[in-house]
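Visitor: Let me give you the structure first, and then I'll get to my questions.
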Amino acid sequence: MAMMAGFVVDTIVFKRVDLPTTQIVFLTYTIVCVVSITALHAIEARAEAGHARPRWRAILPITTQFALGGFWSGFLIFYTRGSVIATAWPFLLILILVFFGNELFKRYLDRLVFTSILFFFALYSYSILMVPVYTGTIGTFTFLASSVIAVVLFALFMKLLRLVGRVRFEESVRRIRIGVGTVLSIIMLLFFTDILPPLPLSLASGGVYHSVYRSGDNYNAQREAVTLRERLTGSPTIHIGNGNSLGAFSAVFAPIKLETTIVHTWQRYDVVLKEWITESVVSFPITGGRNNGYRGYSTKANPENGKWRVNVETKTGHLIGRLRFTVDSAKTEPTLHTVVLD
């Protein structure tokens, strides 16, 4: 119940990654982890030297578990908002396993190695999420900068642990380094294989229509009626005639001050080759700050019949979202109606 309540609270608090409330909550979790892990380590180090353990030490593993649980629930909220399950599921699975493992193995949270590795994972994920907010950039250099910051901050934390309990720390430092190196390697592998979601970007809304056009500050689109099955599957069938074109609309959320390039990659599924063939690539710049995402669209002339998708990506190829649809020849001109796109 406490785990689910914390998840609900984080869902309410974490509206946008660039809001001050989000920064304060994550910073609080970080401070709680540093203080509680260090204090417990100091107490255990003194106990090994013959000093009595104070009774209040029992609260330290609880506070550590609370802060780490808050980290995991916050990460799950933001990473699931900004990911495509088809490609990002390995990283999301890791987050989910750590989230529940943190609850299932909480009685082991007073162990220095276990908590230190979990704290580095939290610190690294936090850095990946927040560095783009402050730099206003995303991409390989920003990710590597996030990695360096996380490693430096954790190295300072390790020096603090050594300072308050050198002997006990020396007994654990090798296993901590192996664990941290493993986490670092896995996250880097996920990034360079395009599995790690390109946070803090996320697809706020999107769709493929018969046409998309801008009217003043609004984006309008023309579409045919969508069946219940198509709404549930998220893959509508679009009926068009010869010589017609389609428009793909996307609204991508980005933090304030972040400027980057969004790419629409139009792909058709080849039933003979059994693979997706790229038909066209369109890119355009975006600027962050709008609650419902920065809006843009691309068009494709004379699309062939069959299964299609538009990948909404970063310029480095990281997938932000995916729009699936099927093209079918229209025997009669479909009835279209105009909708306003937010």
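Visitor: Filter region 170-196 down to the residues that are open to solvent by less than 60 Å² (accessible area, probe 1.4 Å), without any contact (Cβ under 8 Å) to a residue 60 or more places away in the chain and over 17 Å from VAL148 (Cα atoms) and list them by number.
Guide: VAL173
Visitor: Yes or no: LEU156 in contact (Cβ under 8 Å) with a residue 40 or more places away in the chain, over 20 Å from PHE249 (Cα atoms) and either open to solvent by 50 Å² or more (accessible area, probe 1.4 Å) or within 27 Å of the chain's Cα centre (by Cα) (or both)? Step through it out loud before you land on a result.
Guide: On the way: in contact (Cβ under 8 Å) with a residue 40 or more places away in the chain: no; over 20 Å from PHE249 (Cα atoms): yes; either open to solvent by 50 Å² or more (accessible area, probe 1.4 Å) or within 27 Å of the chain's Cα centre (by Cα) (or both): yes.
No.
Visitor: Anything in region 43-83 that is charged (D, E, K, R) and either crowded, with 16+ Cβ neighbours inside 10 Å or outside any loop (DSSP other than H, G, I, E, B) (or both)? List them, or say none. Outline the logic, then answer.
Guide: At the first step, the residues of region 43-83 found to be charged (D, E, K, R) are 44, 46, 48, 53, 55, 57, 81.
Those that are charged (D, E, K, R) and either crowded, with 16+ Cβ neighbours inside 10 Å or outside any loop (DSSP other than H, G, I, E, B) (or both): GLU44, ARG46, GLU48, ARG55, ARG57, ARG81.
Visitor: Cβ-Cβ below 6 Å, separation at least six or inter-chain, first residue in region 33-55 and closer than 23 Å to PHE66 by Cα, second open to solvent by less than 30 Å² (accessible area, probe 1.4 Å) and of a type in the set (S, T, N, Q): which pairs?
Guide: Final answer for the pair search is SER36/THR64; ILE37/THR64; ILE37/THR115.
Visitor: Looking at LYS257, LYS307, can you tell me which residue is of a type in the set (Lys, Arg) and closer than 17 Å to PRO132 by Cβ?
Guide: On the way: LYS307 fails: closer than 17 Å to PRO132 by Cβ.
LYS257 is the lone residue from the list that is of a type in the set (Lys, Arg) and closer than 17 Å to PRO132 by Cβ.
Visitor: Something else about it: Filter region 8-31 down to the residues that are open to solvent by less than 40 Å² (accessible area, probe 1.4 Å) and part of a helix (DSSP H, G or I), then identify the one that is modelled with the highest pLDDT.
Guide: Just the residues of region 8-31 that are open to solvent by less than 40 Å² (accessible area, probe 1.4 Å), to begin with: 10, 14, 16-18, 22-23, 25-26, 29-30.
Right, trim to part of a helix (DSSP H, G or I) and you get 10, 22-23, 25-26, 29-30.
Values: ASP10: 68, THR22: 85, GLN23: 87, VAL25: 87, PHE26: 90, TYR29: 90, THR30: 94.
Out of the qualifying residues, it is THR30.
Visitor: Hey, another quick one. With the structure loaded, tell me whether SER329 is under 21 Å from THR227 (Cβ atoms), open to solvent by 30 Å² or more (accessible area, probe 1.4 Å) and touching a strand residue (DSSP E or B) at 6+ places or on another chain (Cβ under 8 Å) or whether it fails that test. Spell out how you get there, then give the answer.
Guide: Details: under 21 Å from THR227 (Cβ atoms): yes; open to solvent by 30 Å² or more (accessible area, probe 1.4 Å): yes; touching a strand residue (DSSP E or B) at 6+ places or on another chain (Cβ under 8 Å): yes.
In short, yes.
Visitor: Of all the residues that make up region 46-61, how many are of a type in the set (A, V, I, L, M) and at pLDDT below 80? Quick ask: steps written out before the conclusion?
Guide: Residues of region 46-61 of a type in the set (A, V, I, L, M): 47, 49, 52, 58-60.
From what is left, the residues that are at pLDDT below 80 are 49.
So the count comes out to 1.
Visitor: Does LEU40 satisfy the criteria of being surrounded by 15 or more Cβ atoms within 10 Å (Cβ to Cβ), out of contact with any strand residue (DSSP E or B) (no Cβ under 9 Å at 6 or more places or on another chain) and over 21 Å from PHE154 (Cα atoms)?
Guide: Details: surrounded by 15 or more Cβ atoms within 10 Å (Cβ to Cβ): yes; out of contact with any strand residue (DSSP E or B) (no Cβ under 9 Å at 6 or more places or on another chain): yes; over 21 Å from PHE154 (Cα atoms): no.
Taking the combined requirement at face value, the residue does not satisfy it.
Visitor: Residue by residue through region 229-241, note down the ones that are under 27 Å from GLY293 (Cβ atoms) and in a strand (DSSP E or B).
Guide: THR237, ILE238, ILE240
Visitor: Right, here's the next one. List every residue pair whose Cβ atoms sit under 8 Å apart, with the two residues 6 or more apart in sequence or on different chains, where the first one lies in region 127-140 and is touching a residue at least 40 places away in the same chain (Cβ under 8 Å) and farther than 18 Å from ILE195 by Cβ and the second, anywhere, is open to solvent by 20 Å² or more (accessible area, probe 1.4 Å) and outside any helix (DSSP H, G or I).
Guide: Once the first residue is touching a residue at least 40 places away in the same chain (Cβ under 8 Å) and farther than 18 Å from ILE195 by Cβ and sits in region 127-140, its partners that are open to solvent by 20 Å² or more (accessible area, probe 1.4 Å) and outside any helix (DSSP H, G or I) give VAL133/ASP18; GLY136/LYS257; GLY136/GLU259; THR137/GLU259.
Visitor: How many residues are hydrophobic (A, V, I, L, M, F, W, C), part of a loop (DSSP other than H, G, I, E, B) and either at pLDDT 90 or above or surrounded by 14 or more Cβ atoms within 10 Å (Cβ to Cβ) (or both) when one looks only at region 242-256? Walk me through how you get there before you give the answer.
Guide: Residues of region 242-256 that are hydrophobic (A, V, I, L, M, F, W, C), as a first pass: 246, 248-249, 251-254, 256.
Within this subset, residues satisfying the condition of being part of a loop (DSSP other than H, G, I, E, B) are 254, 256.
The next check asks that each one be either at pLDDT 90 or above or surrounded by 14 or more Cβ atoms within 10 Å (Cβ to Cβ) (or both); those that pass are 254.
So the count comes out to 1.
Visitor: Restricting to region 269-315, count the residues that are among the basic types (Lys, Arg) and in contact with a Leu (Cβ under 6 Å, 6 or more places away or on another chain). Break it down stepwise before answering.
Guide: Our first condition is that a residue be among the basic types (Lys, Arg); within region 269-315, this holds for 274, 290, 295, 300, 307, 309, 315.
Pick out the ones that are also in contact with a Leu (Cβ under 6 Å, 6 or more places away or on another chain) and you get 300.
Within region 269-315, residues that are among the basic types (Lys, Arg) and in contact with a Leu (Cβ under 6 Å, 6 or more places away or on another chain) number 1.
The values are calculated or read from the model by the stated rules, or taken from the named source; none is laboratory data. Note that the structure is a prediction, hence the values are computed from the model and not measured. Note that each Cβ is placed from the backbone with ideal geometry, even for glycine, and that neighbours are counted across all protein chains shown. Heavy atoms of the whole protein, side chains included, go into the accessibility calculation; ligands, DNA and RNA do not. Shrake-Rupley method; radii C 1.70, N 1.55, O 1.52, S 1.80 Å.
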